[in-house]
Amino acid sequence: MKDTKARVYVAGPYSSGIPDDNIRAATNAADELWGHGFIPFVPHWNLFWGILHPKGHSEWLVWCKAWLRECEYLLRLPGHSKGADEEETFARGLGITVCYRVREVIDHWEAERHVHA
């Protein structure tokens, strides 16, 4: 892994479509981000916590929004998701940069560093 860059919240479908595919897509994006030095946060992984200690959707959103506040970017994966749409709106309200591809996160990071250099 390269030098640590920024925290990236990975938002995308979880239960619409095939959950296993959605978790795989989020994890693949996180791994690609990690390989470029970013610190990804993947809310999809709460699946494991929820198996042992189930919680309602609104409880998970409170937890997710608390983590989202700590991120510099939100990566919005494709697909229908009411929760990811809410997370994107919340991120925009906080002034967090929203991107739609890993490459876009990298490009934003590099452009912001160039401006501040």
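Read-outs throughout are calculated quantities, based only on the coordinates presented, and are distinct from any laboratory measurement. Owing to the predicted nature of the structure, the values given are computational and were not obtained by experimental measurement. A quick note on method: Cβ atoms are made from the backbone with ideal geometry, for glycine too, and the neighbour counts reach across all protein chains shown.
Does any residue in region 86-109 that is within 20 Å of A25 (Cβ to Cβ) come within less than 8 Å, Cβ to Cβ, of a residue that is of a type in the set (F, W, Y) and crowded, with 18+ Cβ neighbours inside 10 Å six or more places away or on a different chain, and which pairs are these?
Matching pairs, first to second residue: E87/Y9; A91/Y9; V98/Y73; C99/Y73; V105/F38; V105/Y73.
Can you tell me which of A25, A29 is under 14 Å from the mean Cα position of the chain (by Cα), farther than 14 Å from V8 by Cβ and touching a residue at least 40 places away in the same chain (Cβ under 8 Å)?
The match here is A25.
What's the total number of residues in region 7-24 that are in contact with a His (Cβ under 9 Å, 6 or more places away or on another chain) and aliphatic (A, V, I, L, M)?
Here the count works out to 2.
If L52 passes every condition in (1) over 30 Å from A111 (Cβ atoms); (2) in contact with a helix residue (DSSP H, G or I) (Cβ under 9 Å, 6 or more places away or on another chain) but one, which one does it miss?
All conditions are met except number (2).
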